[in-house]
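The values are calculated or read from the model by the stated rules, or taken from the named source; none is laboratory data. Note that the coordinates shown come from a computational prediction; the quantities given were computed from them, not determined experimentally. Glycine also receives a Cβ, built like all others from the backbone with ideal geometry; neighbour counts cover every protein chain displayed.
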Amino acid sequence: MIKEFKAFIARGNVIDLAVGVIMGSAFTAIVNSLVKNLINPLIGLFVGKIDMSNLILQIGDTKFKYGEFINSVVNFLIISFVIFLLVKAINKLTPKKEKEEAPKVSPEAEYLAEIVDLLKEERKPEA
């Protein structure tokens, strides 16, 4: 069982996934800082409040923290857009695979196919 676990961990996909998760969490911290320190103050200029996370709608004893939700949506949009740009850049850098051509059929096979088609037509009952 230990050998299987070792083989599983040593596979390239697991290591790539671990690197991706670590890079993703580091990138998320950068985006959170961008949203909190740059974008929210910019949006706050139009809304009238600098800190969007404090926007709360209170009905009775219930508090709806829609400012936090706005922050989360902005974070998501930024992360999604940056990932889109990264994937687009990577696609440009990686060489495109050449399309595989369909295997060429020999002339003999073509003639045999034509003969089979003619025989099928002859066997069809006439209506």
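Numerical summary
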| read-out | value |
| --- | --- |
| In segment 28-75, the residues that are surrounded by 13 or more Cβ atoms within 10 Å (Cβ to Cβ), over 27 Å from the mean Cα position of the chain (by Cα) and polar (S, T, N, Q) | SER53 |
| Among (1) at pLDDT 85 or above; (2) surrounded by 10 or more Cβ atoms within 10 Å (Cβ to Cβ); (3) of a type outside the set (Asp, Glu), the one test that LYS92 misses | (2) |
| Filtered residues of segment 4-42 (kept if over 30 Å from SER72 (Cα atoms) and either modelled with pLDDT of 85 or more or of a type in the set (A, V, I, L, M) (or both)) | ALA7, ILE9, ALA10 |
| Filter result for the condition that a residue is over 30 Å from GLY20 (Cα atoms) and either surrounded by 10 or more Cβ atoms within 10 Å (Cβ to Cβ) or of a type in the set (Lys, Arg) (or both), over GLU101, GLU122, GLU114, GLU108 | GLU114 |
| Positions within segment 102-127 being in a loop (DSSP other than H, G, I, E, B) and among the aliphatic types (A, V, I, L, M), in sequence order | ALA102, VAL105, ALA127 |
| Single residue of ILE70, ILE79 found to be touching a helix residue (DSSP H, G or I) at 6+ places or on another chain (Cβ under 6 Å), modelled with pLDDT under 80 and of a type outside the set (Phe, Trp, Tyr) | ILE79 |
